[in-house]
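The values are calculated or read from the model by the stated rules, or taken from the named source; none is laboratory data. Keep in mind it's a predicted model, so treat the numbers as computed, not measured. Methodologically, a virtual Cβ is constructed for each residue, glycine included, from the backbone with ideal geometry; neighbour enumeration extends over all protein chains shown. Calculation scope for accessible area: heavy atoms of the full protein, side chains included, ligands and nucleic acids excluded. Shrake-Rupley method; radii C 1.70, N 1.55, O 1.52, S 1.80 Å.
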Amino acid sequence: MENILKINHDFLSRRVIFSNNNSEIKRIVQHLNKDKLVIVSWIKNVWKTNIVKELLEKLGMSDNYFYFNKDLDNSNEIQSEEHLNNLYNTYVKLYKTPKIVILQNCTKVEWIKNFILKSYNNDLKVLLVWNTIKIWGKAEIEILPRTINNIKKYDLDIILKYWLLSEILVIQNIYLKEKFLSLVQNDIFTKDIFFNFWVKNLDLYKYTISYLSRNNTFFSLRELQKWLCKHMQISLKTTIDYIDYSLQAKIIKKVYTYDLKKSKEISSRVKYYFTDTWIRNSLNCYSLDRQILLENLIFNELRKKWYTVYNWLNWVFDFTFYTTSQYVSWLNLYIHMSEAKDKGQLKKEVNKLSKIKDKNKKYLIVESIPKLEIKKTNYDYVEIVEIDEFLRKLK
């Protein structure tokens, strides 16, 4: 038992703190103080454990926590609730009662909720790191992608191609970047899809998620299944399951359309965005259409700022994003990613945005103002902005 404790302690203590994650840690601590139990979730291998280590250091708990990660139990010694209780009791005997219990990657452990309940009832704070187990009434905090504070600090093409994973920022060699991301992607699919949900046909799942990565339109699940069947046979139920598994694993998020004229959400057809652009791009050998990646990047940044994001429709014109803020009810944004090639096309988009008569900000995002030879960038509540300027304006 002591050896298992050491393996888990060494694993967590070796995690690298790449950056300051004060906002995420503040939210976790607030919920821990209020409810004693918090679920931290996001894509596998994307700095959740690093934030846990940072939290322990900032709370002065670096030597007063019980951590068990089932993935580290290579000898399968913890096979029952009794075994885990014995492991915990060994910790207490050696180090005293911990201030916090941290459990990670215990999705397939059927009896784990008994141990969680016991810890909770003993007035211990409990931090769960995984995606698939839900506990009613307890907060789930998503560790969203890194915020781009200054796009000029990095090359936009590099951000679109590889995103801003902390490890990627320190790897300079392109071959090694792609090799590392390939290993991470395989681990996500293997552990969070194939293992957690017992997916039998690996090729069919990869085909489905790869098709989704190239598609940037709205469709129903029935339509998706028909399109997939043009190349590989797949049932509607399997299609629905694969999409649901991908949503649970935080690989994708879905967006509905909001009809401004009818003031209602249209949920019959959905568009899917990838929660990290590198996964979407890697599924296409790092050669996905640039406009798709730019749109996905903006979506991720809006989500990071805690906006609820929709596509939006005004009469027959489809705009890219309509957002509502869960913190400031009046702060709605209208956003359109322009593909205009000249000033004439851009002016038509400005006019369509101007037809929305409320006083909320309307952004028309372009890659380069000089290339379009634009002199005027403000039209009442419509503003033409480049991507980096728009990201700086997000609150």
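Summary table
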| read-out | value |
| --- | --- |
| The chain - accessible surface per residue (Å², probe 1.4 Å) | 49 Å² |
| Rotationally averaged projected area of the stretch 190-266 (alpha carbon convex hull; nm²) | 5.7 nm² |
| Alpha-carbon Debye profile of the chain, log10 I(q)/I(0) at 0.11, 0.13 Å⁻¹ | -0.90, -1.19 |
| Gained length - GLN172 relative to THR132, 0.36 nm times residue gap less alpha-carbon distance | 11.0 nm |
| Under Karplus coefficients 6.51, -1.76 and 1.60, residue-wise ³J(HN,Hα) of the stretch 362-376 in Hz, glycine/proline x | 10, 10, 10, 8, 10, 6, 8, 5, x, 5, 8, 6, 9, 9, 9 |
| Restraint check, LYS237/LYS304; LYS341/LYS376; LYS348/LYS393, Cα-Cα greater than 27 Å | LYS237/LYS304 |
| Cα→Cβ-extended label distance, 7 Å offset, between GLN30 and PHE18, nm | 2.5 nm |
| Length-normalised contact order for the stretch 77-146 - Cα pairs under 8 Å, 6+ apart - percent | 32 percent |
| Estimated FRET transfer efficiency (GLU77, SER267; beta-carbon r; R0 35 Å; 0.05) | 0.15 |
| Share of carbon and sulfur in the accessible heavy-atom surface of the chain [1.4 Å probe, %] | 50 percent |
| 222 nm mean residue ellipticity, helices alone, for the chain (DSSP H n ≥ 4; -39,500 (n - 2.57); rounded to 500) | -12500 deg cm²/dmol |
| The stretch 1-75: Rg to Rh, with Rh as the Kirkwood radius over Cα pairs | 0.96 |
| Approximate spin-label separation TYR256-TRP306, in nm, with each point projected 7 Å along Cα-to-Cβ | 2.2 nm |
| For LYS125, solvent-accessible area (1.4 Å; no DNA, RNA or ligand), Å² | 60 Å² |
| Computed over the stretch 244-395: relative contact order in percent, which uses C-alpha pairs under 8 Å that are six or more apart | 15 percent |
| More than 17 angstrom apart: percent of Cα pairs within the stretch 123-241 | 71 percent |
| Cβ-Cβ FRET estimate between LYS58 and THR97, R0 fixed at 35 Å, reported to 0.05 | 0.95 |
| Those residues of the stretch 263-297 whose amide nitrogen sits under 14 Å from the label point placed on THR324, 7 Å along Cα→Cβ | 263-267 |
| Aspartates and glutamates with Cα under 16 Å of LYS264, excluding same-chain neighbours fewer than 8 positions away | ASP318 |
| With 10 Å bins from 0: P(r) over the stretch 1-142, alpha-carbon pairs, percent | 11, 46, 37, 5 |
| Segment THR217-GLU339, extension gain: residue separation times 0.36 nm, minus the distance between their alpha carbons | 42.4 nm |
